[in-house]
Amino acid sequence: MSTSTICIIIAMVLYMVVIISVGIYFSKKNKSSDDFYLGGRKLGPLVTAMSAEASDMSSWLLMGLPGLAFVAGIAEPVWTAIGLAIGTYINWLIVAKRLRRYSQAAGNAITIPEFFRNRFGDNKNILLAISALAILIFFVPYTGSGFAACGKLFSTLFGVDYHIAMLVSAAIIVLYTMLGGFLAASVTDLIQSIVMTIALVVVVVFGVSVAGGFDAVIENAKTIPGYLNLTETADIVTKETGSYDFLTIVSTLAWGLGYFGMPHILLRFMGTSEEKNIKTSRRIATVWVVISMAVAIFIGIVAFAMGTKGEIPLYETSADAEKAIISISTLLSENGVIAALVAGVILSGILACTMSTSDSQLLAASSSVSQNLIVDALKVNLSDKKKLLIARITVVIIAVIGVVIAWDPESSVFKIVSFAWAGFGATFGPIMLFALFWRRTNKWGALAGMLSGLIMVFVWKYLVRPLGGVWDLYELLPAFIVSAILIVVISLITAPPEKEITDVFDKVKAGNN
């Protein structure tokens, strides 16, 4: 084993030790299931902001965006990033504060399904059960995709068996999440966001240096027609261009709609300690998201220049190009012990992206089972101690299912991420906005919107979108629109919500003026 490989392993092991230590520390602070799932609403502004964004980005930030820019130019990654940046800002601006206040006013809800039940007075727990099942439908495979990404990272780096690498990664994520719960996930997400930031900075500086400077990077990109054009797609193999038209741009921007329905992000809003901190969190989160995505896209352009010079492989597909940052880190590690340790930090950043999303998904999915289905829907009476025990057992069970899903080393990570994002955005996004801002919304409208959004994602993805042409839209956009329309129509043709429901709405609205 080479010195550089040993240094990389040392850096990554130290990183994992820190993460597990955080889980052990916060395990002593969880006195109830409320603490385990929402941390007692004690998150400060920095932790709230960075844990929300770190849990959002996943390995897509360091691998997906650069890989796409590498082989196809900037059009799709830039429009995607713009949509996500706008979605991030608006979500923090209009949803965060009101959800923090409303979730507490509506029976002190600690999960998203519980909030919907309390908000609409759903005494039969229909909304709660459907919400919990939807979270399982989209989060369990999403979690599995995270395990797969970790397995592929270690397998590519060290040549170890994919399954062993994936199991070890899953075990580490499960360990600190099971021990520390929401607080551990949030604090480790803050740490992971710092590691991700270091990785972005180091990679872009080193890459530009190896590629011959900024001017050389840009000149290399200009050799491919359409590479730096926002209305054209490029192809580094054939050097042919394609049109990135207005309809495609709108479809890509629709990624931003997903934020309104992401349970693991919305829970950060609910868990913040004070409403007055949200403005600070919004500024931190938005600035970090915009800069990190811009740097990630630029890394793809830099990596392409490095590939042209023969410093790293000249990948021909976006799936292969997602390994570019691993290749750059490996190249960096050949420049001495310090460089190898820094490379280990960069690779830990890739691991951090995946872990920060997987831990949040595990918590959201486990709360759906243990709290929302077992305790709330099935009316199983449990003590706080037993709730906490079941919560931790549920984390393990869901992780095991995720491992089964990730067992195939050829499984697609990012297709699952894209579909799950659409699923959450369409199922929960419209109803979250209407729940917070339209007084007339009732439980029947909420039910119709939730079910139609969930079903429409599958229908559009597998039946309509394959038709191509004008139908080739990201499934989130049409599903979101259908859900919103049905919420309005069904709410208007059925009885208005009860006075006690509207009284809480009025109280929350008054408090936000």
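At-a-glance table
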| quantity | calculated |
| --- | --- |
| Options Phe424, Phe419, Phe428, Phe434; residue that is more than 22 Å from Thr252 (Cβ to Cβ) and either open to solvent by less than 40 Å² (accessible area, probe 1.4 Å) or in contact (Cβ under 8 Å) with a residue 24 or more places away in the chain (or both) | Phe434 |
| Qualifying residues in region 454-473 (those that are part of a helix (DSSP H, G or I) and in contact (Cβ under 8 Å) with a residue 60 or more places away in the chain) - the one least open to solvent (accessible area, probe 1.4 Å) | Leu454 |
| Residue within region 381-399 that is at pLDDT below 70, open to solvent by less than 10 Å² (accessible area, probe 1.4 Å) and β-branched (Val, Ile, Thr) present | no |
| Residues of region 489-503 satisfying the condition of being farther than 14 Å from Lys443 by Cβ and surrounded by 13 or more Cβ atoms within 10 Å (Cβ to Cβ) | Val489 |
| Yes/no for Ala510 being within 20 Å of Ile249 (Cα to Cα) and modelled with pLDDT under 95 | no |
| Residue that is most open to solvent (accessible area, probe 1.4 Å), among those in region 111-131 that are more than 22 Å from the chain's Cα centre (by Cα) and among the hydrophobic types (A, V, I, L, M, F, W, C) | Ile126 |
| Qualifying residue in region 240-254 (condition: farther than 27 Å from Pro313 by Cα, modelled with pLDDT of 90 or more and in contact with a Pro (Cβ under 8 Å, 6 or more places away or on another chain)) | no |
| Hey, Lys323 at pLDDT below 85, under 17 Å from Pro66 (Cα atoms), open to solvent by 50 Å² or more (accessible area, probe 1.4 Å) and of a type in the set (Lys, Arg) or not | yes |
| Unmet criterion (only one of (1) under 30 Å from Glu274 (Cβ atoms); (2) surrounded by 21 or more Cβ atoms within 10 Å (Cβ to Cβ); (3) among the small types (Gly, Ala, Ser)) for Ala510 | (2) |
| Subset of region 65-109 (residues that are among the aliphatic types (A, V, I, L, M), in contact with a strand residue (DSSP E or B) (Cβ under 9 Å, 6 or more places away or on another chain) and under 12 Å from Leu436 (Cα atoms)) | Ala96 |
| Test: Ile481 is within 24 Å of Phe424 (Cβ to Cβ), open to solvent by less than 20 Å² (accessible area, probe 1.4 Å), modelled with pLDDT of 95 or more and part of a helix (DSSP H, G or I) | no |
| Cβ-Cβ under 9 Å pairs, at least 6 apart or on other chains, region 295-308 side closer than 15 Å to Ser327 by Cβ and among the polar types (S, T, N, Q), far side open to solvent by 10 Å² or more (accessible area, probe 1.4 Å) and not in a helix (DSSP H, G or I) | Thr308/Thr223; Thr308/Ile236; Thr308/Leu314 |
| Those residues of region 294-335 which are among the charged types (D, E, K, R) and more than 27 Å from the chain's Cα centre (by Cα), in sequence order | Lys309, Glu311, Glu334 |
| Residues located in region 140-149, provided they are surrounded by 24 or more Cβ atoms within 10 Å (Cβ to Cβ) and either of a type outside the set (A, V, I, L, M, F, W, C) or modelled with pLDDT of 75 or more (or both) | Tyr142, Thr143, Gly144, Ser145, Gly146, Phe147, Ala148 |
| Selected residue (criterion: modelled with the lowest pLDDT) from residues of region 188-207 that are closer than 24 Å to Glu334 by Cβ, of a type in the set (A, V, I, L, M) and open to solvent by 30 Å² or more (accessible area, probe 1.4 Å) | Ile198 |
| Lone qualifier among Ala81, Ala75 - being more than 20 Å from the chain's Cα centre (by Cα), at pLDDT 65 or above and farther than 28 Å from Val395 by Cα | Ala75 |
| Pairs, first within 11 Å of Val504 (Cα to Cα) in region 94-118, second among the charged types (D, E, K, R) and open to solvent by less than 30 Å² (accessible area, probe 1.4 Å), C-beta under 8 Å, six or more apart | Tyr102/Arg119; Gln104/Arg41; Ala106/Arg119; Gly107/Glu114 |
| Per-region count, region 268-283, residues part of a helix (DSSP H, G or I) and either touching a strand residue (DSSP E or B) at 6+ places or on another chain (Cβ under 9 Å) or surrounded by 19 or more Cβ atoms within 10 Å (Cβ to Cβ) (or both) | 8 |
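Conditions (1) in contact with a Ser or Thr (Cβ under 7 Å, 6 or more places away or on another chain); (2) within 25 Å of Gly144 (Cβ to Cβ), marked per residue:
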position: Ala420; (1), (2): no, yes
position: Phe428; (1), (2): no, yes
position: Ala446; (1), (2): no, no
position: Leu454; (1), (2): yes, yes
position: Lys461; (1), (2): no, yes
position: Pro478; (1), (2): no, no
position: Ile485; (1), (2): no, no
position: Ile490; (1), (2): no, no
position: Gly511; (1), (2): no, no
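The values are calculated or read from the model by the stated rules, or taken from the named source; none is laboratory data. Note that the structure is predicted; figures quoted are calculated from it, not measured. In this analysis, Cβ positions are derived from the backbone assuming ideal geometry, glycine residues included, and neighbour counts consider all displayed protein chains. Heads up: the accessible areas ignore ligands, DNA and RNA and are worked out on the full protein's heavy atoms, side chains in. Shrake-Rupley method; radii C 1.70, N 1.55, O 1.52, S 1.80 Å.
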